[in-house]
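What follows is a set of notes on a single structure, which appears directly below.
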Amino acid sequence: MRRYLRHVQLIIVLLLVMAGTAPPVMAAAPTPPMVAVILPRDSARFQTIHTAFLRVFEKYATVTGKPRLYLQSPSSDIMSLRNSVRKATALGADLILVYGTRAATAAKYEDFTEPLLFVDVFDPVAMKLVPSLERGRPLITGVCGQAPLQTLLKTLQETIGTIRLGVPVEAKYQASIIQAEVLRMVACRRADQAGDGTHKPSSGELCWLEIVTASMQTPNDMIRAFRAVEGKVDAFYLSDLLPSDGHIRAALDYAAQARLPVISQVYGTADNGAFITLEADPDEQGELLANIAIRILAGDLPEDVPPLQPRRVSLTINLKVAKQLGIMVPFPVLLQTTRVIR
């Protein structure tokens with residue numbers, strides 16, 4: 001990495017000076033490492049994560065001084081995100097931080113040469129960012145953003161019975177297709193006799209929950225895609241891959257008008273009209289990101305740092321929404337929740 005090369009070069013110059021084989025010139029002091037932050041705009045939860053990251057990271061200093069932060073806030077289209085990674089590399093960043101699944105999956109296609117850390121990412125193993133949750137990938141590791149999907153789907157099924165779940169899929173965005181497949185595999189795990197979660201549903205197999213994809217060309221087509229599956233689904237899964245809070249708000253408004261419950265893993269959606277959410281705490285994600293960044297700047301290799309998973313997970317049920325939709329939430333389900341909105 002560049003910072004190590006600078007240190008090695010400085011040591012070589014000093015040794016040559018001491019040996020008398022080089023003129024005693026003053027070597028330029030090494031500069032503190034640069035940390036490039038790619039923080040897509042229009043997402044309140046990314047801002048919350050970043051604030052928590054700064055709270056921890058600002059206390060850290062290397063032997064050459066406090067790391068320099070270079071912040072970019074691109075829009076969430078894939079090309080803008082990839083361009084931000086290219087710019088960070090061109091500027092000589094020693095470490096790149098990317099917020100969200102869209103940014104992380106866009107970044108992996110770029111030829112970066114310095115470590116890249118992700119945060120708030122849906123299933124980084126399925127997204128092929130890391131080989132497993134026990135080990136990072138060369139140059140890549142980070143913080144998972146998803147809470148256990150099986151708990152979320154099971155809570156919905158126990159509340160309204162066997163259902164058909166609508167899931168938005170952006171045709172040109174491979175990550176959204178992968179997310180739908182992950183949901184489908186989780187919904188069929190009860191049919192997996194091995195119980196190891198590796199079972200893939202075969203054609204015609206009956207699963208305890210049916211995934212119905214709502215296909216869209218771009219996120220702006222989301223409402224049209226939802227209308228196309230209305231009458232074919234009993235609930236919607238609100239994806240964290242939607243690029244902005246505006247898209248999330250529009251999805252919640254549409255579901256309310258269609259009288260369809262929404263489940264999600266997006267932090268804060270239960271307060272804005274979702275029926276059930278299972279959320280990973282954004283403050284904890286930011287703190288974990290800072291801890292990994294400090295380890296990498298101190299010399300740890302990303303492949304030796306396993307992706308971290310937040311422990312503060314909240315299962316929330318919005319009883320106001322349940323009442324509006326005429327849903328009776330069983331008492332045993334309420335006992336399992338972390339928070340109830342009345």
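A few notes on this one:
- Considering the stretch 329-342, the residues that are surrounded by fewer than 10 Cβ atoms within 10 Å (Cβ to Cβ) and out of contact with any Asp or Glu (no Cβ under 9 Å at 6 or more places or on another chain) include one that is nearest to residue 271 (Cα to Cα), namely 342.
- Yes/no for residue 96 being within 23 Å of residue 47 (Cα to Cα) and at pLDDT 95 or above: yes
- Scope the stretch 308-336; condition part of a loop (DSSP other than H, G, I, E, B) and free of Cβ contacts under 8 Å to residues at least 40 places away in the same chain; matching residues: 311, 312, 326, 328
- When residues of the stretch 243-273 are limited to those that are in a strand (DSSP E or B) and in contact with a helix residue (DSSP H, G or I) (Cβ under 6 Å, 6 or more places away or on another chain), the one surrounded by the fewest Cβ atoms within 10 Å (Cβ to Cβ): 263
- Residue 198 being at pLDDT 95 or above and surrounded by fewer than 22 Cβ atoms within 10 Å (Cβ to Cβ): no
- Annotation for the stretch 62-84: at least one member residue is modelled with pLDDT of 95 or more, of a type in the set (D, E, K, R), assigned to a helix (DSSP H, G or I) and surrounded by 15 or more Cβ atoms within 10 Å (Cβ to Cβ).
- Candidates 283, 240: the one that is of a type outside the set (A, V, I, L, M), assigned to a loop (DSSP other than H, G, I, E, B) and either closer than 25 Å to residue 159 by Cβ or under 18 Å from the mean Cα position of the chain (by Cα) (or both) is 240.
The values are calculated or read from the model by the stated rules, or taken from the named source; none is laboratory data. Note that the structure is predicted; figures quoted are calculated from it, not measured. Using ideal geometry, Cβ is built from the backbone for each residue, glycine included, and neighbour counts are taken over all protein chains shown.
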